[in-house]
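Structure first, then comments.
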Amino acid sequence: MLVLGIESSCDETGVALYDTGAGLLAHAVHSQVDMHEAYGGVVPELASRDHIRRLVPLLETVLAEASRTRQDIDAIAYTAGPGLAGALLVGAGFAEALALALEVPVLPVHHLEGHLLSPLLAPDAPDFPFVALLVSGGHTQLMRVQKVGSYELLGESLDDAAGEAFDKTAKLLGLGYPGGPALAALAAQGTPGRFRLPRPMLNSGDFDFSFSGLKTAVLTVARDHALSDQDRADLAAEFQEAVTGVLAAKALSALEHCGLGTLVVAGGVGANRRLRQRLDQGVARMGGRVCYPALELCTDNGAMIAFCGARRFLAGIPGREAGAFGVRPRWPLQDLS
Ligand code: KG4
Ligand code: ZN
């Protein structure tokens, strides 16, 4: 079965072709980062308009790359939420119209489920059950994943998501958008420990997180010191140490709590090298294994959406006829179970 995947929930337009027999045939992403950079963040209306411009050319690109035609498509998976309402509607409208024309079913996908299952696209995919650490710009969650479609929330951020904390702190330090990769690059030049930042909720005894206080702590340091370039790098390094320290500690105790040995990491912050290093070391010490999606599939993309739609279909969760649709800008993942 050949599944076309469409992602348009935020500032990346992603299109991909996944074949249930042959695997991922092609995927292409257009990032709007350059366009939003001037505004210091995503402008929803601009995002929607750009998705409209990109979808058809991206579809042509993946079809050519996979040497397939539109008529070869058996089903269309698309991100139905959560995300920006207008941006979601562009992808949904495109997918539903194309599916109607091709007379194939649609497979509406939850964006976070797409992230969550994306490590299963790797050649040495993990087996169920596993614990998933979902760390994106909008969400920080620890989940127990029993099988496709069955997700138990263990804990989540009570305020800012990890990616959001990176982005906001980067802004405070005068770095561009998106801040996560920029802050990580600056942190690599610095030494943690010179400035001391808190490790919020490290010993709270649950699997919840809180990152908004860290941003304020960075702001306080920045206000009290005339920061040199080295100071900024040291502060960035300490910030990264604090966030990754709490994420890694809670992920490890979630594994222990569930009696499981496999940790799956998904979402944009999963690209962070320091986080990977800490998780790899900690889980190896427990005799377990950590699975990541390929680096290019950590951030938003169509491949994870095509794959997720296909896996749901194979798990007996059917799609539906194209034509009637809505999107869910707010959509708790637990609603799927
Ligand atoms: O999953 P994603 O692409 O989009 C959402 O669904 O939110 O995640 C984007 C987030 C942004 O906050 C970005 O700053 C962060 O992931 N990010 C990083 C790194 N690369 C991306 N944060 C820390 N270190 C990185 N290397
Ligand atoms: Zn995402």
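Structural remarks
- In nm, spacing of pseudo-spin labels at T61 and T220 (7 Å Cα→C-beta vector): 4.5
- Computed from the C-beta positions of Q146 and T69 and an R0 of 41 Å, the FRET efficiency is 0.60 to the nearest 0.05.
- GNM top mover of A101, A66, A236 - the chain, alpha-carbon springs below 10 Å: A101
- The distance linking region 19-35 with region 301-337 is 17 Å (Cα centroid to Cα centroid, whole angstrom).
- Region 128-292: relative contact order as a whole-number percent, Cα under 8 Å and 6+ apart: 27
- Gyration tensor (alpha-carbon) shape descriptor, region 251-337, a/c threshold 1.5: prolate
- Taking each DSSP H run with n ≥ 4 as -39500 (n - 2.57) and averaging over every residue of the chain yields -13500 deg cm²/dmol at 222 nm.
- Positive end of the dipole of the chain (Cβ unit charges, origin at the Cα centre): among V148, W331, G193, the Cα lying farthest that way belongs to G193.
- Largest-first principal axis extents of the Cα set of the chain (Å): 62, 47, 31
- Relative to one another, the C-alpha centroids of region 128-178 and region 100-127 are positioned 19 Å apart.
- The value of relative contact order for the chain, using C-alpha pairs under 8 Å at least six residues apart, is 26 percent.
- Rounded, prolate or oblate (a/c below 1.5 giving rounded, otherwise prolate when a/b exceeds b/c) for region 1-156 by Cα gyration tensor: oblate
- Of the DSSP H helices in the chain, those whose Cα atoms cover at least 27 Å axially and whose Kyte score averages -0.5 or more: 44-65, 229-258
- Extension gain, A294 to H257: 0.36 nm times the residue separation minus the Cα-Cα distance gives 10.6 nm.
- Cut-off 13 Å, label 7 Å out along Cα→Cβ of S204, residues of region 235-268 by amide N: 246-247, 250-251
- Taking 0.692 mPa s as the viscosity and 37 °C as the temperature, the Stokes-Einstein diffusion coefficient of region 128-292 based on its alpha-carbon Kirkwood radius rounds to 207 µm²/s.
- Longest site-free stretch - the chain; sites: GluC sites (Glu not before Pro), DSSP loop, at most 12 other Cβ within 10 Å: 104-320
- Ignoring lysines fewer than eight residues from K168 along the same chain, the ones with Cα atoms less than 25 angstrom from its Cα are K215, K250.
- Cβ-derived FRET efficiency at R0 22 Å, A188 paired with R285, nearest 0.05: 0.35
Computed from the coordinates by the stated procedures, all read-outs in this text should not be read as laboratory data. Note that the structure is a prediction, hence the values are computed from the model and not measured. Neighbour counts run over all protein chains shown; Cβ positions are idealised from the backbone, glycine included.
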